[in-house]
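The values are calculated or read from the model by the stated rules, or taken from the named source; none is laboratory data. Note that the structure is a prediction, hence the values are computed from the model and not measured. Here the Cβ is made from the backbone with ideal geometry for all residues, glycine too, and neighbour counts use every protein chain on show. Please note that ligands, DNA and RNA were not included when accessible areas were found on the heavy atoms of the full protein model with its side chains. Shrake-Rupley method; radii C 1.70, N 1.55, O 1.52, S 1.80 Å.
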Amino acid sequence: AFGLVIATGLTWLRASGSKLGEYFTRAYVFIFRGSPLLVQLYLIYFGLSQFDFVRHSPILWPILRDPMYCTIVAMALNTAAYESEIFRGALRAVPVGQIEAAKAFGMSPFTRFRIVTLPIALRLALPAYSTEIILMTKATALASVVTIMEMMGTAQKIQHDTFRPIEVLTCAGVI
């Protein structure tokens, strides 16, 4: 959910026509898509705590000292880069004829976006977006490197405590 919010902002920034916004978004996407999620997780959890301004910050330190929050931040930043490219591609794939028809009807730019462009773009983005959600779900196993027990590890712990492997692993598989 956090990644979706960031991706929406990045997509809006990239589509706004601002050169500065486009350069920022392109750099963000280049960095976060060009480096592995594991490296990003290490840099956020182990790297940012090395800076004094982070450790003395009343806002950053409560978030960055907890491995769960660091994992959420790393995964949100990573998936936002991928999702913003998915949404940008979907916006560019909207047929020009549909937009021209909406202009011919005299729709304002906001109404045209809300009624014509956005529904078509969301329909086009849905397959790639659902794949990205699946990939992020699979990537949660990387959280174990910063001392968080991931889903299958938790399922094995419950299985060893209850001696009910079928029920526990079935629930983990459904999730």
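Does Ala81 satisfy the condition of being in contact with a Phe, Trp or Tyr (Cβ under 6 Å, 6 or more places away or on another chain) and either surrounded by fewer than 14 Cβ atoms within 10 Å (Cβ to Cβ) or small (Gly, Ala, Ser) (or both)? Against the criterion (in contact with a Phe, Trp or Tyr (Cβ under 6 Å, 6 or more places away or on another chain) and either surrounded by fewer than 14 Cβ atoms within 10 Å (Cβ to Cβ) or small (Gly, Ala, Ser) (or both)), Ala81 qualifies. The residues of the range 115-172 that are in a helix (DSSP H, G or I) and of a type in the set (Asp, Glu), listed by number, are Glu132, Asp161, Glu167. The criterion of at least 1 residues that are under 28 Å from Ile120 (Cβ atoms), among the basic types (Lys, Arg) and at pLDDT 95 or above is met, among helices (runs of 4 or more DSSP H) falling completely within the range 8-88, by 19-34. Among residues of the range 49-62 being open to solvent by 60 Å² or more (accessible area, probe 1.4 Å) and among the aliphatic types (A, V, I, L, M), the one that is nearest to Leu142 (Cα to Cα) is Leu60.
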